[in-house]
Amino acid sequence: ERMKLNKLIYSVLGIFALSSCADNMEYKEYSNYDANYVKRTFGDVGGLVSNIYQELDTDFGNYSGAVLGSATDEAEYAYTGNSIEYFYNGSWSPTNAQSSMWTACYKAIADCNLYLEEFTGLTFSDYEQISDYKAEMYRYNNYQYEVRFLRAYFYFNLVRQYGDVPFTDHVLSTSEVNSLTRTPAQDIFDYIISECDAIKNDIIPDYTKLGDLMPSGESTETGRANKRAVLALKARTALYAASPLFNPDNNKELWYRAATASKELIDACDEAKMKLISEYETLWSATSYNDAIDELIFGKRASTGTNSFEKYNFPIGLENCKGGNCPTQTLVDAYEFQATGLRPDETTGYDKNQPYYEGRDPRFEKTIAKNGDTKWPNWNETALETYTSGANGEPLSGGTPTSYYLKKYCQAAVNTTSASASTSYHTWITFRLGEFYLNYAEALFKYFDNPYTKDPEFGVSANDMVNKTRIRVKMPEFPTGMTNANWWKKYKNERMVELAFEGHRFWDVRRWKEADTYFKSIDEMKITKNSDGSFKYTRNTVSRQWDDKMYLFPIPQSERGKNPNLVQNPGW
């Protein structure tokens, strides 16, 4: 921990910027500066806050190219021996704890605590005569609320992953660090929600509308947290707190809190004239920070273009491409027919060995590349051959084991060839309106035990809200009159499709405590080409290991060695 501020070293690396909606957030570079030096200027103090933003999480292949979705029924990584397999092959343990989130979040929380103790209440009196002093002070005085939001966000990531976690809201001494006990998960959730309530009316509502309060010559920093980001964190936290993993007794008041928190956010988005954008794929386009501004609430974007995600996930057989995270047939099955709103396995005459590609939910072709697709990526002039011995199939090393490749989050225009290499911006979606329509639907359904109840306090039913994401892509609305069990099944399917590869599936199935249903196997589709040019499709089920202890991560043994008060999670 950082205890002696006169010896403090800051490394604010100006290597990338982030944005939830529009222009870049400015990062600056510092090194070897003590606290008193940093306190001299607006820019230096702002750099500390920017450094904390850098510690926000993304999942553009955190496991040597594998995304967390490949530890779920969304995808299978094309290469064996990748660390993503630890989640389902029995080698996950406290000594192999996959603990990067623990380390990263507690470092970020320590940075937040340090900032709030040592860098608030400054006046920058040497700059009182500059023309932008009022605007700079307005922005500086907002930093404390951004940092409190960020601290609460990092605590959410920890409690989602570990349940009960050590808690501190101040800079710790070494002895304190090594003696903390675990605070109950519901207490952490309550803290996050109370922090959001405490700052929501003080934080800048919208960075795009600062007018004269934006320092001259600077672009709007919409990558910063605003009021809607705070309300989004509150709403997501309330949903998790109400979910079975953390609410085993199904306390209905927690579902009520989740519903009211979702309503509060959605009302604020309505007031800001936010809405679902018309084109689903624009959510992750290179210009989503600008073109998806109506739906994106908060996200993280690199200011420099990259192509590593494309290299990991564009089909094997293309130059410098590895295959990567391959969507499963299990996920493909979730995409309903557009004409009927039914999955293939809910349709008369269903044959499990037929992929039924025609007439599916439009989100399918936006998310997943299949055999025979052309122009994927858009510089590839040949149709994909994902069948056995095809140009992009097994047995090539990296050939898709499922017969599919990933499109979502890949930029089709990125060229990976040595002769024409290019890069692109990428924005990780932290919060978007589409998620919260679904969250609201879930909370209302669980609170009322009925998807069609339209209580005057809320003015909408769960069914009304779940249809929002379907209407966007011209899918049939959920029918009326479904049983609770059928509605819940269809809701989970809609959530899987709408939020595929955005980092939700891994956590959703855990908070629902339904991994026994969804994470014990995945389905692949094996394709062979017949001599007459037709194809034979064979479904293949692959078993995976699941143990209920895996609902929560193990506390890293290295941390327990330093602090014996950290009681291990059950089963580990």
Of (1) without any contact (Cβ under 8 Å) to a residue 40 or more places away in the chain; (2) of a type outside the set (Lys, Arg); (3) surrounded by fewer than 19 Cβ atoms within 10 Å (Cβ to Cβ), Ser461 satisfies every one except (3)
Answer with yes or no whether Tyr357 is assigned to a loop (DSSP other than H, G, I, E, B) and touching a helix residue (DSSP H, G or I) at 6+ places or on another chain (Cβ under 6 Å).
no
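Going through the range 113-134 one residue at a time, which ones are open to solvent by 60 Å² or more (accessible area, probe 1.4 Å) and either without any contact (Cβ under 8 Å) to a residue 12 or more places away in the chain or in a loop (DSSP other than H, G, I, E, B) (or both)?
Gly121, Thr123, Ser125, Glu128, Gln129, Ile130, Ser131, listed by residue number.
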Can you name the number of the only condition in (1) assigned to a loop (DSSP other than H, G, I, E, B); (2) within 21 Å of Ala75 (Cβ to Cβ) that Thr417 fails?
(2)
In the range 266-314, which residues are open to solvent by 30 Å² or more (accessible area, probe 1.4 Å), among the aromatic types (Phe, Trp, Tyr) and modelled with pLDDT of 95 or more?
Tyr312
Unmet criterion (only one of (1) at pLDDT 95 or above; (2) outside any loop (DSSP other than H, G, I, E, B); (3) not β-branched (Val, Ile, Thr)) for Tyr79:
(2)
Of the criteria (1) within 20 Å of Arg301 (Cβ to Cβ); (2) surrounded by fewer than 23 Cβ atoms within 10 Å (Cβ to Cβ), which one Asn226 fails
(2)
Out of the residues in the range 229-265 meeting the condition of being crowded, with 19+ Cβ neighbours inside 10 Å and basic (Lys, Arg), tell me which one is farthest from Tyr447 (Cα to Cα).
Lys234
In the range 189-214, the residues that are in a loop (DSSP other than H, G, I, E, B), modelled with pLDDT of 95 or more and open to solvent by 10 Å² or more (accessible area, probe 1.4 Å):
Lys200, Asn201, Asp202
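A quick yes/no check of all residues on (1) in a helix (DSSP H, G or I); (2) under 17 Å from Ala71 (Cα atoms); (3) modelled with pLDDT under 95:
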{"residue": "Pro476", "(1), (2), (3)": "no, no, no"}
{"residue": "Arg495", "(1), (2), (3)": "yes, no, no"}
{"residue": "Asp508", "(1), (2), (3)": "yes, yes, no"}
{"residue": "Asp516", "(1), (2), (3)": "yes, yes, no"}
{"residue": "Gly533", "(1), (2), (3)": "no, no, no"}
{"residue": "Thr538", "(1), (2), (3)": "no, no, no"}
{"residue": "Phe553", "(1), (2), (3)": "no, yes, no"}
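Matching residues to (1) under 25 Å from Glu281 (Cβ atoms); (2) among the polar types (S, T, N, Q); (3) open to solvent by 20 Å² or more (accessible area, probe 1.4 Å); (4) in contact with a Pro (Cβ under 9 Å, 6 or more places away or on another chain):
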| position | (1), (2), (3), (4) |
| --- | --- |
| Thr347 | no, yes, yes, no |
| Pro355 | yes, no, no, yes |
| Glu358 | yes, no, yes, no |
| Ala383 | yes, no, yes, no |
| Leu396 | no, no, yes, no |
Look at the range 528-559 and say how many of its residues are within 16 Å of Ser93 (Cα to Cα) and surrounded by fewer than 16 Cβ atoms within 10 Å (Cβ to Cβ).
5
Determine whether the range 166-188 contains at least one residue that is surrounded by fewer than 16 Cβ atoms within 10 Å (Cβ to Cβ), among the acidic types (Asp, Glu) and over 20 Å from Gly121 (Cβ atoms).
yes
(1) under 19 Å from Ala515 (Cα atoms); (2) part of a helix (DSSP H, G or I); (3) among the small types (Gly, Ala, Ser) all hold for Ala110 apart from (1)
Does the range 311-324 contain at least one residue that is out of contact with any Gly (no Cβ under 8 Å at 6 or more places or on another chain) and part of a helix (DSSP H, G or I)?
yes
Determine which member of the set Val509, Val473 is open to solvent by less than 10 Å² (accessible area, probe 1.4 Å) and aliphatic (A, V, I, L, M).
Val509
Residue by residue through the range 521-571, note down the ones that are among the hydrophobic types (A, V, I, L, M, F, W, C) and touching a Leu at 6+ places or on another chain (Cβ under 7 Å).
Ile555
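For every residue, the table says whether it meets (1) in a helix (DSSP H, G or I); (2) touching a Cys at 6+ places or on another chain (Cβ under 8 Å); (3) modelled with pLDDT under 95.
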{"site": "Asn6", "(1), (2), (3)": "yes, no, yes"}
{"site": "Ile9", "(1), (2), (3)": "no, no, yes"}
{"site": "Ile15", "(1), (2), (3)": "no, no, yes"}
{"site": "Ser19", "(1), (2), (3)": "no, no, yes"}
{"site": "Asp23", "(1), (2), (3)": "no, no, yes"}
{"site": "Tyr33", "(1), (2), (3)": "no, no, yes"}
{"site": "Tyr37", "(1), (2), (3)": "yes, no, yes"}
{"site": "Asp44", "(1), (2), (3)": "yes, no, yes"}
{"site": "Val49", "(1), (2), (3)": "yes, no, no"}
Hits in the range 143-184 (condition: farther than 29 Å from Ile204 by Cβ, without any contact (Cβ under 8 Å) to a residue 60 or more places away in the chain and hydroxyl-bearing (Ser, Thr, Tyr))
Ser175, Thr183
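The values are calculated or read from the model by the stated rules, or taken from the named source; none is laboratory data. Everything numeric here is computed off the predicted structure, so don't read it as measured data. Using ideal geometry, Cβ is built from the backbone for each residue, glycine included, and neighbour counts are taken over all protein chains shown. When the accessible area is computed, the model is the full protein with side chains, heavy atoms only, and any ligands, DNA or RNA have been set aside. Shrake-Rupley method; radii C 1.70, N 1.55, O 1.52, S 1.80 Å.
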